[in-house]
Every structure is written in C-alpha cells, then in structure tokens.
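I have placed the structure first, in the form of structure tokens, so that the comments after it can refer back to it.
The values are calculated or read from the model by the stated rules, or taken from the named source; none is laboratory data. Computed from a predicted model, the values in this text were never measured in an experiment. Note: ideal-geometry Cβ built from the backbone for every residue, glycine included; neighbour counts use all protein chains shown. All accessible areas refer to the heavy atoms of the entire protein, side chains included, with ligands and DNA or RNA removed. Shrake-Rupley method; radii C 1.70, N 1.55, O 1.52, S 1.80 Å.
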Amino acid sequence: MGRKRMLRKNKTLIFKYFLNLINGALLVLGLLLMGFGAWLLLDRNNFFTALDENNHLIVYISRILIGTGSATVLLCLLGYLGIHNEIRWLLILYAVLLMWAFGVQVVLSALIFTKKEEVHQIWHDKIDSVISEYGSKDLPEDIPKWMILNALQKTLQCCGQKNYTDWMQNKSKENSEQVPCSCTNSTLRKWLCDETLNATYLEGCENKINTWYHTNALTLIGINFGLLASEVLQFSLTISFFRHIRNRIYAEK
C-alpha cells in the first residue's frame, strides 16, 4: 500500500514538473507579446509607426499583441494555481482556455497570411511617399520618418525601395545626382549628398528586406508550429493530470 502511494506521489511530481515547464515557456511568450505590443504603441521612433501616419494600423496591432499577451499571462497564472494546488475545476478551465488560445493563434496566423499582400502594398506606397518628400524644409514634422529611413538604408547598406534610381522622384534635391547621405559610405550629417555612383549603395531596401524575410521564414513557421504543439501537449498533460488526481483521490478513500 505504501509503495503504491509513493508511486502515485512520484507520478504527481513528474506531472507537475512538465506542466510547470511548458507553462513557464508560455508565460515568457505572453510577456514578450505584451512588451512588443507596448513598444509599438509607445515608441514614436520605430519605422512601423513612422509609416502609419494616423496610427490606426499600429494601434490595432498593438492592442491585439497586448491583449493576447495579457490573456496568455493570466492563463499561465491560472494554470500555475491549478497545477500547484491540484484544483480540478481550475485545471479544466485551464485546459479549455488553452484550446481557446490555440484557436485564436490559428485564426491570427491565417489572417496575417491572407493580409500579407495588402500590408506589402501599404509598405510600398508609404515608402514612395517618404522618398518623394524626404528633406523638404516645409515638412519638419516628417523628420523622424527620414531619420528612420536613413538608419534602415545605412544598416542594410541599401538605397531606395527598388534601387537608388527611386530617389530621382525626390522633390528636395538640388540636382539629379544627389542621393541621401545614408545611401553612401559618407559620414556627413546632412540629408542629401553629391556622391559618385561607385560610393552609392545600388541595391534597393525592398530586396534586402525580402531576402531577410525569406531566409527567416522557415524559422518563424517552425516557432509558430512549436507554440501550437506546446499548447496541444499542455492540454493533453493537463487532462491526464486531472484524471490522475481524480483516480488518486478515489484510491485514497
């Protein structure tokens, strides 16, 4: 009898260990989502905010991220209480909410995939607008956009959207040969520079960004499926733990 009780106790500890391990990983994810959402909402100097003049899209995305992150954190806290104190009704609630989170994640992933071309078109149009008005003395309120575009071009060593010829549409140039100093290896701190072609980055930023995206696409897909698999595994473990507690209680009566 004592041996069976010891085996049940050990099984309970093993269940709790793995449940808390996966629960902790989900908690970290929730905090990261909240942090990223808050950064998008509060940081006025990121490129996404600069492109979205009215902030409608950014606010919408930020609220989704903060809401999803907050719900995940709350879910993990409920799960911890249910697991640690072996509260059966809380474990059932935890399992149901896990499946809800799974469904929401699948829907959001599908939404992001279907809206990809629309977002790309918005990005394309906004970049063209920023390039056209870059350096204008009549638009000092747009300086943060230009500074962020400078940082992007300098970091990725790219110029314009398709290539350096995109800057021919700029309205503030003194002559047709000028390009942003960030498009060159120049260290001058001004908007536009007269540099030779061999000192200018020829490749467009869109190509650089697309290359980065395609390089990391498989990694992002893998992480997403990993999260979905973790939620399914956690659901299965929670249900098994619930049954184990119920059977243990019946056996000890």
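Show the residues, 5+ positions off or on another chain, whose built amide H is closer than 5 Å to the amide H of L192.
C181
Hey, for a label at E177 modelled as a point 7 Å past Cα toward Cβ, could you say which residues of region 122-150 have their backbone N under 17 Å away?
none
Could you derive backbone 3J(HN,Hα) for region 132-143 from the dihedral phi with the Karplus parameters 6.51, -1.76 and 1.60 (θ = phi - 60°), listing whole Hz in sequence and x where the residue is Gly or Pro?
With coefficients 6.51, -1.76 and 1.60, one gets 4, 9, 3, x, 5, 6, 8, 10, x, 6, 8, 4 Hz.
Of all accessible surface on region 142-215 at a 1.4 Å probe, what whole percent is carbon and sulfur?
54
How large is ³J(HN,Hα) for each residue in region 160-175, as worked out from phi by the Karplus curve 6.51 cos²θ - 1.76 cosθ + 1.60 (θ = phi - 60°), to whole Hz, x for Gly and Pro?
Running phi through 6.51 cos²θ - 1.76 cosθ + 1.60 with θ = phi - 60° gives x, 8, 7, 6, 5, 5, 4, 6, 5, 7, 5, 8, 9, 6, 7, 8 Hz.
Please list the non-local residues whose amide H lies under 5 Å from the amide H of E203, H modeled 1.01 Å from N, same-chain partners needing a gap of 5 or more.
C159
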